[in-house]
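The values are calculated or read from the model by the stated rules, or taken from the named source; none is laboratory data. Note that this is a predicted model, so its numbers are computed, not measured. Cβ atoms come from the backbone with ideal geometry, glycine included; neighbour counts cover every protein chain shown. Surface areas here come from the heavy atoms of the whole protein model, side chains and all, with no ligands, DNA or RNA. Shrake-Rupley method; radii C 1.70, N 1.55, O 1.52, S 1.80 Å.
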Amino acid sequence: VDGHIETMAEYDEADVRQWSRRYEYGNGVPVPAATVVKAASFDGNGTPSGCAIYEFDPSNRVSFLTSYGGVSCAIAGLSVAKATTNTAARFTPRTIAPLKMPVEILYEVPSIDTALSTLEKSGYTYWNYDTFGTSELSMDKDWYPVRVARDDDQLEKTVSMELAWNDSQQITRKKSYYGSTLALDVSITYNDDDYPLKVTTSGAALLLPLEYEFVYESRIPARLNVSSNGSLLQWFKYEYTGAVLPGSVSAIRGIDPFALLDDLVKSELKIFHYDGDDTLVETFEFLADDADFRVNVRAPDDSLNGYYLASYDAEGMIASLSAYDGSGLQWNNSYSYTDAVEDATLLAAAALAEAGLTEADFGRLAETYLTDDITEYAKGFVMDLLF
């Protein structure tokens, strides 16, 4: 159509088509003619297997991708973000012996619109560009994040994170990469009540792989075992007088986390730390009132080694955090706040309204604050990975 549709296909030595792809390019208004705006893939019989629609920012850089079906339509050998401007690589004629053109075209390749009408949406990808690089966020069909990546001039390699989810929309695996190096691999399994049962960690960032196993009593965490390669290294016993946690994941997600933590620390929480030989190492004792929150650290003989003290302002925000040992104050940090939470909430509501979407459309993303600048999240992700 006006020279803006490119068809690519592969045949075997018997001239039987194995697969085909179609790419639609911009007509110059407003997207440049050398830029892919739609792509579709088909199997040997012409059945659609994947489709993609690209959207662009004012600088004609790809900013959003909607995927259909389960097959990637990215241009072969090139990443989606960088493929749309490499015109020469696609249009330079090449003759490679002993390959030959098929004797006969066995059928007409379906249109891209045919693929769009046949396949269901399978995911979304968002790109944001700033002075130092590019941030990429990929989501599944329910808008749950499955990959976050950052290409940055200040980093030698791409930093990325991959997420996997179960049918209850709980994270079952998180992989963090620095380039191709798997820095941290976290695998999570759950019990029949959908509570975390076991967390397994490995990767180049760890000196040794670790396993964390939770034990519950009446839906209350009672013990945490920390092991490596099957050997128990240490374990923690929990005692508190708080309320029993809800019996479903959906009920847990409806909890105000700040209220829950506030109730927890006011419930005479104690954590007993033991080594792998069942010897008591130390005890953490949580005490709180309306103005202060204190954590006592006690030796095996119950003597006080020291404590941490957090003080709150009139609005319930932490105003200072201090650490003490037997000789007195060791360090102190003070904090002040702006209306950042309120601003972020307003920005999120405005962004959703402008896009004609609801919070339900964003799945897990609706459970956190959204802003119009993903860069801050990218910076936070890099720091989280490094430290």
Under a Cβ-Cβ cut-off of 9 Å, what is the net charge of the residues other than Q18 that fall near it, where Lys and Arg count +1 and Asp and Glu count -1?
-2
If Lys and Arg each add +1 and Asp and Glu each add -1, what is the summed charge of the other residues whose beta carbon sits under 15 Å from the beta carbon of S187?
0
With all distinct Cα pairs included, what does the Kirkwood hydrodynamic radius of the range 119-234 come out to in Å, to one decimal, could you say?
16.4 Å
Which of T181, S160, I171 sits farthest toward the positive end of the charge dipole of the range 134-203, with +1 on the Cβ of Lys and Arg and -1 on the Cβ of Asp and Glu?
T181
Suppose all protein chains stay in the model; what accessible area per residue would a 1.4 Å probe give for the range 1-63, in Å²?
50 Å²
Which entries of K174/K270; K198/K237; K141/K174; K121/K198; K121/K175 show an alpha-carbon separation above 27 angstrom in the structure shown?
K174/K270; K121/K198
Which net charge results for the neighbourhood of T283, defined as the other residues with beta-carbon distances under 11 angstrom from its beta-carbon, given Lys and Arg at +1 and Asp and Glu at -1?
-2
Solvent exposure ordering (accessible area, 1.4 Å, most first) of M161, M8:
M8, M161
Just to confirm my numbers, what's the Cα centroid distance between the range 182-209 and the range 135-171 in Å?
17 Å
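Once you compute Rg and the Kirkwood Rh from C-alpha atoms, what is the Rg to Rh ratio for the range 102-176? Mind showing how you got there, number by number?
Details: Rg = 18.3 Å, Rh = 15.5 Å.
Checking Rg against Rh, the ratio lands at 1.18.
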Check which residues have an amide H placed less than 5 Å from A319's amide H, if you skip close sequence neighbours.
S311, Y312, D313
Amide H neighbours of T158 under 5 Å, counting only residues 5+ apart in sequence or on other chains, H built in-plane at 1.01 Å?
G179
